[in-house]
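Below: the structure, in structure tokens.
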Amino acid sequence: MEEMLFYDRMQFAFTITFHYLFPQLTMGLSLIVVYFKYRFLKTNDPHYNKATHFWMRIFALNFAMGVVTGIPMEFQFGTNWAKFSELTGGIIGQTLAMEGMFSFFLESSFLGMFLFGEKILGHRWHFVTGLLICLGSWASGYLIIATHSWMQHPVGYEVLENGKFVLTNFSALFTNVWLWPSYLHNQAASMVTSSFVVAGIGAFYILNNRNVSYGKLFLKTGVIFGLISSLIVAMPTGDLLAKNVVKHQPVTFAAMEGIFHTDKKGAEIVLIGQPDVKDKKLDNKIAVPNVLSFLTYGNWDTEVKGLDQYPEDTHPTNISGLYYAYHIMVGLGTLFIGMTLLAIFQLLRGRLFQTKWLLWSFMFMMPFPYIANITGWYTAELGRQPWLVYNLLRTADGASPTVSSGNTLFTLMGFVGLYALLGMLFAILIGKIIYTGPEPTEK
């Protein structure tokens, strides 16, 4: 059973990690596309309209990859996690069905109109279709995170005698205290990814002296959107989400922060350290005393409970992975704020486009928001373990009992091979779009 559960989790982790490389860009990029189209309507500057078309081609390719890689995850609910689907389908099926029926179809329908209908629609209605694509994209994220939030903090349910969960309050799904901080945090993080991609490609054009006017437009737009979204990720959304974890999943918070033993005189915040789970300590740590107590409770001396205050069978099953995922996310988020602040400073001085080391930095930083987003999701999912539905349904009780570990491993290897081919094809097509640029003749 343990081996089967490992491969079930590994397969879902791999497929959803690969899948989320694409929606995290499209959700944020849809808003930037709408911004470029809006600026074109206001200024009648053709650069903005060509920028709109350029980024919409990248959006469309990412959207297609998101669809292709998202479908297998739906099937995994029935194959690898049949018991989970059987017991909770009456609740999570509501939001997942709404995401498919409303958000996905809204997004995909108007995407075709936006890509091919500008001459027929005219610029104002073309802008409206872009706005609806953005709405569909963000609504899709909302409904997915509504499902995730119920698993983290179940509300509005009743458990029948046969163990099945039924929904007793539909509105509770959307007033869940876990939902809005998670959703806004996720969407702001998506904006960070799209902002750094836009800024990085802009820096690439400037450094290569090709499509320079577009490069300057992309870099300026990217750093402005990037600073705003990076700050929102940290405050207030990240702070509110952390306070939810403290209140509703305190054992998870202790593991995230590497607090093995309770300090009644206030908890330190660990900047660097390696968790030694066996001996219940942090090795080689660098910490600042009492700061975690202040950030959590607004008081320097308030006690923050450690893992020693909770039964071991409720501890997250991968404390080291959770600790590192959380600290990588926070560290990168801090770096993004610093980089974009410096870029804005240089922009105000009129020297951003001439600061080559900063241009190189933005170009090579493009993958790191993806890493921050993925580790953020790892933090949420590893933190919920050993539960599928927090404090109600354990992960081991949600797996399909009739699917062998060999079958899961075989299909996992198939996914790895197939997604490697898809990834290479995607990279070639994206590279071609970027190399061609918004205006191929411009030097």
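Observations on the model:
- Expressed in Å, the radius of gyration and Dmax of the Cα atoms of segment 180-403 are 20.2, 65.
- Given charges at beta-carbon only (K, R positive; D, E negative), |dipole| of the chain in Debye: 1940
- Potential lengthening between LEU335 and ASP308 on full extension [0.36 nm per residue; Cα-Cα distance subtracted]: 6.5 nm
- Taking trypsin sites (Lys or Arg not before Pro) across segment 92-164, the ones in a DSSP loop with at most 16 further Cβ atoms lying within 10 angstrom of their Cβ are LYS164.
- Hits among aspartates and glutamates - C-alpha to C-alpha of LYS164 under 13 Å, sequence gap 8 or more where chains match: GLU86, ASP397
- Magnitude of the charge dipole for segment 274-432, about its Cα centre and with charges confined to Cβ atoms of Lys, Arg (+1) and Asp, Glu (-1), is about 840 debye.
- Entries in LYS119/LYS220; LYS37/LYS220; LYS119/LYS432 that, when Cα-Cα distance is taken, lie over 22 Å: LYS119/LYS220; LYS119/LYS432
- Acute angle (nearest 10 degrees) that the helix 23-43 long axis makes with the longest principal axis of the chain, alpha-carbon atoms: 30
- Relative contact order, percent, segment 180-403 [alpha-carbon distance under 8 Å, six or more residues apart]: 23
- Kirkwood Rh in Å, taken over all unlike Cα pairs in the chain: 23.4
- Crossing angle, helix 212-232 versus the chain [Cα axis fit, 0-90 degrees, rounded to tens]: 30
- For LYS280, a cut-off of 30 angstrom between C-alpha atoms picks up these lysines, skipping any fewer than 8 places away in its own chain: LYS243, LYS247, LYS264, LYS265, LYS305.
- Accessible surface calculations at 1.4 Å, restricted to protein heavy atoms, place the chain at 46 Å² per residue.
- Inter-label distance for LEU135 and MET101, nm, one decimal - labels placed 7 Å from Cα along Cα-to-Cβ: 1.9
- Heavy atoms of MET101 accessible to a 1.4 Å probe, total area in Å² rounded to 10: 120
- Full extension of the segment from PHE294 to VAL212, taken as 0.36 nm per residue of separation minus the current Cα-Cα distance, would add 24.8 nm.
- Legend: calculated FRET efficiency, LYS356 to THR436, from the Cβ-Cβ distance at R0 = 35 Å, rounded to 0.05, equals 0.90.
- Among VAL198, LEU352, THR221 - extreme Cα towards positive end, dipole of the chain, charges at beta-carbon: LEU352
- Residue among MET424, ILE32, SER405 farthest towards the positive dipole end of the chain, charges placed on Cβ: ILE32
- With the simple spin-label model, which puts each label point 7 Å out from Cα in the Cβ direction, the LEU342 to HIS53 separation comes to 3.7 nm.
- Qualifying trypsin sites (Lys or Arg not before Pro) in segment 311-360, where qualification requires a DSSP coil assignment and no more than 12 other C-beta atoms within 10 Å, comprise ARG351.
- Solvent-accessible area assigned to carbon and sulfur over segment 180-403 amounts to 65 percent, based on a 1.4 Å probe.
- Alpha-carbon Debye profile of segment 41-92, log10 I(q)/I(0) at 0.19, 0.21, 0.31 Å⁻¹: -0.72, -0.79, -1.04
- For a modelled paramagnetic label at ASN44, 7 Å from Cα along Cα-to-Cβ, the residues of segment 120-161 in reach, with backbone nitrogen under 16 Å, are 123-124.
- Added length on full extension, which subtracts the Cα-Cα distance from 0.36 nm per residue, ASP239 to THR168: 22.5 nm
- Rounded tilt (10° steps) of 319-349 against the dominant C-alpha axis of the chain: 30
- Trypsin sites (Lys or Arg not before Pro) restricted to DSSP loop in segment 207-265 with at most 10 other C-beta within 10 Å: LYS264
The values are calculated or read from the model by the stated rules, or taken from the named source; none is laboratory data. As the structure is a prediction and not an experimental result, all values here were calculated from the model. Every residue, glycine among them, receives a Cβ derived from its backbone with ideal geometry; neighbour counts consider all protein chains shown. Surface areas here come from the heavy atoms of the whole protein model, side chains and all, with no ligands, DNA or RNA. Shrake-Rupley method; radii C 1.70, N 1.55, O 1.52, S 1.80 Å.
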